[in-house]
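Remarks on the structure that follows.
The values are calculated or read from the model by the stated rules, or taken from the named source; none is laboratory data. Note that the structure is predicted; figures quoted are calculated from it, not measured. Cβ placement follows ideal geometry from the backbone for every residue including glycine, while neighbour counts extend to all protein chains displayed.
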Amino acid sequence: MNKRILAASVLTAVLGVAAHGQTYTLTPLTSFGGGDGWLAPTEGGISYLTTGTTERGLAYNGVTGNLVLVSRAGGNNIKVLDGDSGADLGSLNATGISGGTFPVNMVGVSDDGAIYVGNLSTAANANFKVYKWTSEADGLTTAPTVAYDALSGLARTGDSFAVQGAGASAQFAAAGTSATSASSFAVGPLNASNASVSYLSVPTTSTGSNDYRLSLAFLDGDTLIGNQGANGRVTDFNGSTASVAYTIPLGAAQRALDYTIIGGTPYLAVLDSNSSLLSIYDVSNPTSPSLAASGTTTTGPLTSNGNGTGSVAWGDITGNTATVYAMNSSQGIQAMTFTVVPEPEEYAMMAAGSLIAFGVWRRFRR
């Protein structure tokens, strides 16, 4: 599917008018983490949020409004956290989980609320494995089933992981390894068929590292963004072929990311793996992203995140306001509220231009 229907210059012209006078706010979610929007490592004696790089995967469940956190502190822990407060709501049943360098590592939640957790495979002859719980409520008492258990075709799999769709159409994307001759990722269905496609040597990507290794986010069923810092690769995949449609320039340490649409405009939230600074970009023109807002709720010295791992997850979106969560390994979980604030005169313009602009945004996303 061709997403390059309109040139970047046309995108800029149309969306520049639509964004006239628009401002943004990014503030702590004060109900989260004791009032400051930050659930710090070991805060309140929490054993599953540490400074030991044992937490890398975090996802938002749109069905329940909760967070799902993967922690290897003291075992294979898949924690459900209240999305408003960060309170511990219990652990999913981890009976039967085994295999992999890390038996659990990253997590994704499908549109129907099913939870998928992948292991970390660090050898070409070691299976990548994904576990499934049909819901939070079921998972608190019931052991997971296996949604995928096979070789991915990659030398290392599971440092990055994303899920999209629901039910029989749910699929994953995964990648890994910094030692590579070309960038690569794998995509497959989460229906226990163990089928997948590995996209190797994606043209125009880095050959010294893997541009998909530290973060993945789906735009739709055949498009994703991959990132390992510096370049967000918006990539189309179809059959056995993958190609980069756009490159979103980012900072060298901006790694974990997630994508969403608010009020018809596409936004990318990206976390700095050194400072825990969260930056939100308007990516209407993906080759020239516009910084909408940035900030952090963390305070004081932070434990170094030497692996550059972590997760960003957009949460609830109501009108022009969205919640966004960010977790750097060893640096805790942040929760913030992002709001798009149009100036009064913009409303009249929206009535005339919103349909045109939305068509452009939708074509970028599709």
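I'm told ALA123 meets every condition in (1) surrounded by fewer than 20 Cβ atoms within 10 Å (Cβ to Cβ); (2) aliphatic (A, V, I, L, M); (3) in contact with a Leu (Cβ under 9 Å, 6 or more places away or on another chain); (4) not in a strand (DSSP E or B) except one. Can you identify the failing condition by its number? It fails just one condition, (3).
Flag not set for SER275, criterion: more than 23 Å from ASN307 (Cβ to Cβ), touching a strand residue (DSSP E or B) at 6+ places or on another chain (Cβ under 9 Å) and surrounded by fewer than 19 Cβ atoms within 10 Å (Cβ to Cβ). Exactly one residue out of THR145, THR177, THR141, THR134 is of a type in the set (Ser, Thr, Tyr) and more than 21 Å from GLY90 (Cα to Cα), and it is THR177.
Can you tell me which residue within the stretch 134-168, out of those that are in a helix (DSSP H, G or I) and in contact (Cβ under 8 Å) with a residue 12 or more places away in the chain, is nearest to SER110 (Cα to Cα)? Among those that are in a helix (DSSP H, G or I) and in contact (Cβ under 8 Å) with a residue 12 or more places away in the chain, it is GLY167.
Selection of the stretch 27-50 for residues being small (Gly, Ala, Ser) and surrounded by fewer than 20 Cβ atoms within 10 Å (Cβ to Cβ) yields SER31, GLY34, GLY35, GLY44, GLY45, SER47.
Every residue, every condition in (1) assigned to a loop (DSSP other than H, G, I, E, B); (2) at pLDDT below 95; (3) under 19 Å from the mean Cα position of the chain (by Cα); (4) not small (Gly, Ala, Ser), yes or no:
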residue: PHE32; (1), (2), (3), (4): yes, no, no, yes
residue: THR64; (1), (2), (3), (4): yes, no, yes, yes
residue: LEU67; (1), (2), (3), (4): no, no, yes, yes
residue: ALA73; (1), (2), (3), (4): yes, no, no, no
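Put simply, of ASP258, ASP220, ASP282 the only residue that is within 14 Å of the chain's Cα centre (by Cα), within 29 Å of ALA166 (Cα to Cα) and surrounded by fewer than 24 Cβ atoms within 10 Å (Cβ to Cβ) is ASP220. Taking the numbered list (1) over 24 Å from GLY229 (Cα atoms); (2) modelled with pLDDT under 95 in turn, THR321 passes all entries but (2). Of note, TYR267 satisfies the criterion of being in contact (Cβ under 8 Å) with a residue 24 or more places away in the chain, farther than 20 Å from THR54 by Cα, crowded, with 24+ Cβ neighbours inside 10 Å and of a type in the set (Ser, Thr, Tyr). For the stretch 127-142, filtering for residues that are farther than 23 Å from ALA195 by Cα and of a type outside the set (Val, Ile, Thr) leaves 6. If you go through the stretch 91-120 and pick out every residue that is outside any loop (DSSP other than H, G, I, E, B) and either of a type in the set (Gly, Ala, Ser) or in contact with a Phe, Trp or Tyr (Cβ under 8 Å, 6 or more places away or on another chain) (or both), you end up with 13. Any residue at all in the stretch 159-177 that's farther than 21 Å from ASN61 by Cβ, at pLDDT below 95 and within 19 Å of the chain's Cα centre (by Cα)? Yes, the conditions are met somewhere in the stretch 159-177.
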